[in-house]
1. What's the total number of residues in region 120-132 that are within 13 Å of GLU222 (Cα to Cα), in contact with a helix residue (DSSP H, G or I) (Cβ under 9 Å, 6 or more places away or on another chain) and either among the aromatic types (Phe, Trp, Tyr) or crowded, with 18+ Cβ neighbours inside 10 Å (or both)?
2. Among the candidates ALA223, ALA164, ALA182, ALA177, single out the residue that is surrounded by 17 or more Cβ atoms within 10 Å (Cβ to Cβ) and under 25 Å from the mean Cα position of the chain (by Cα).
3. With the structure loaded, tell me whether GLY95 is at pLDDT 95 or above, more than 14 Å from the chain's Cα centre (by Cα) and either buried (at least 20 other Cβ atoms within 10 Å of the Cβ) or at positive phi (or both) or whether it fails that test.
4. Select from region 153-183 the residues that are outside any strand (DSSP E or B), at pLDDT below 95 and aliphatic (A, V, I, L, M) and write down the one among them that is nearest to ASP56 (Cα to Cα).
5. Please verify whether region 167-181 includes one or more residues that are touching a helix residue (DSSP H, G or I) at 6+ places or on another chain (Cβ under 7 Å), over 24 Å from ARG116 (Cβ atoms) and not small (Gly, Ala, Ser).
6. For LYS67, all conditions in the list (1) within 27 Å of GLY229 (Cα to Cα); (2) surrounded by fewer than 21 Cβ atoms within 10 Å (Cβ to Cβ); (3) not acidic (Asp, Glu) hold save one; what is the number of the exception?
7. Within region 45-136, which helices (runs of 4 or more DSSP H) (wholly inside it) include 2 or more residues that are hydroxyl-bearing (Ser, Thr, Tyr)?
8. Please identify the pairs in which a residue from region 89-100 that is free of Cβ contacts under 8 Å to residues at least 40 places away in the same chain and farther than 12 Å from ASP57 by Cβ has its Cβ atom under 7 Å from the Cβ atom of a residue that is surrounded by fewer than 22 Cβ atoms within 10 Å (Cβ to Cβ) and among the hydroxyl-bearing types (Ser, Thr, Tyr), counting only partners at least 6 apart or on another chain.
Amino acid sequence: MVRADRFQRDEGVDTKPMNIVVPIKLVPDLVEELEINEDGTDIDREFLTYRINEFDDHALEEALQLKEKHGGSVTVLALESEETDKVLYTALAKGADRAVKVTGLPEGLSSHALARTMGQALSNIDYDLVLVGVQAADDRDGQLGVLLGKTLGIPHLSVVTDIAVEGNTLTLHKEYAGGIMAQFETEPKVVLGIQAARVIPRYAPVSRVRQLMKEAELDEVEASDIDLGSGTSVRRMYTPTRGEGAEMLEGDAEEIASRIADIINEKRS
C-alpha cells in the first residue's frame, strides 16, 4: 500500500538499481489540422503524422534520470504503427536500454485496451517501476496508469512531479488541485503517472537515431486475445462552430467604453 506520511531519511543507505519500463503512446501531431472521418466517430487518421505523447516523453526522461543516478535499466514499449520504429529508436538514442514493439493490434486503442495490452507485454519483462505519462493529448482521460496498476495488481500513484529513491524506498510528490502537494512513501513494484520530469526531456541527435536504425534491433511482442472493448463508445464528434468573428471598435476611449457598455446591455436583454 502507498501511505502519505513523513519519514526521516537514513544517510548512507544503498539504493538497489531498478528496472524501469515506460509505455509510450504515439499521438497525432497537433501542428496539423485535424479532420473528422466520414462516420463522424473519430478523427481521420489516414494522412496524419504522429509523435510521442508529451507526458510520455517526460516519463521517459524521469526514467533515464533515475537510471543515471541509481543504475538499472530502462525499457520502452509502444504499439506498432507506421512511425513507431522512429519513436522507439529515438528513445534508444536518448539512453533507453531496450525497445519493444507490440504488434497485432489496431491503432487508436482506448486506455482500457491499452492497459490490458501493456499488462500482457509486461508479463515477460522484469520490472520494478512502470512510469507512464499522466495523460495523453488525444484523449486526456488520464486513466492508463490507474488501469495498468489494476491490470498488474500493483499500487498506482498519478500526477507525480518528483521521485526520490533511498534504499528500497521511493518518496513521491503528488500535485492536487489548487497546487497542493502531498508526499507519499512506497516500495517497488508500483505504477507512477508522471506529470513532469525533474528536467526538460533531452534531445536525441538525428545522426544518433539514424545510426541506431542501422545497428540496433527492436524487440517485438505479439499481442494475443486482447479484449478491445472499453465500456464506452463515441457516437458522434463535431468540429467547433465558427462564430461571426470579432467586432473592431473604433474611436476614442470614451466612445469605445460607451460601445462596450451598449454591447453588454444588449447581451443581457
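The values are calculated or read from the model by the stated rules, or taken from the named source; none is laboratory data. Since we're looking at a predicted model, the values are computed, not measured. Ideal geometry is used to build each Cβ from the backbone, glycine not excepted, and the neighbour counts take in all protein chains shown.
1. The qualifying residues number 1.
2. Working: ALA164 fails: surrounded by 17 or more Cβ atoms within 10 Å (Cβ to Cβ); ALA182 fails: surrounded by 17 or more Cβ atoms within 10 Å (Cβ to Cβ); ALA177 fails: surrounded by 17 or more Cβ atoms within 10 Å (Cβ to Cβ).
Only one candidate qualifies: ALA223.
3. Working: at pLDDT 95 or above: yes; more than 14 Å from the chain's Cα centre (by Cα): yes; either buried (at least 20 other Cβ atoms within 10 Å of the Cβ) or at positive phi (or both): yes.
In short, yes.
4. ALA177
5. Applying the first criterion (touching a helix residue (DSSP H, G or I) at 6+ places or on another chain (Cβ under 7 Å)) to region 167-181 yields none.
No, the conditions are met nowhere in region 167-181.
6. The failed condition is (1).
7. Values: elements: 54-70, 84-94, 111-122.
The helices (runs of 4 or more DSSP H) meeting that bar are 84-94, 111-122.
8. ASP97/SER73
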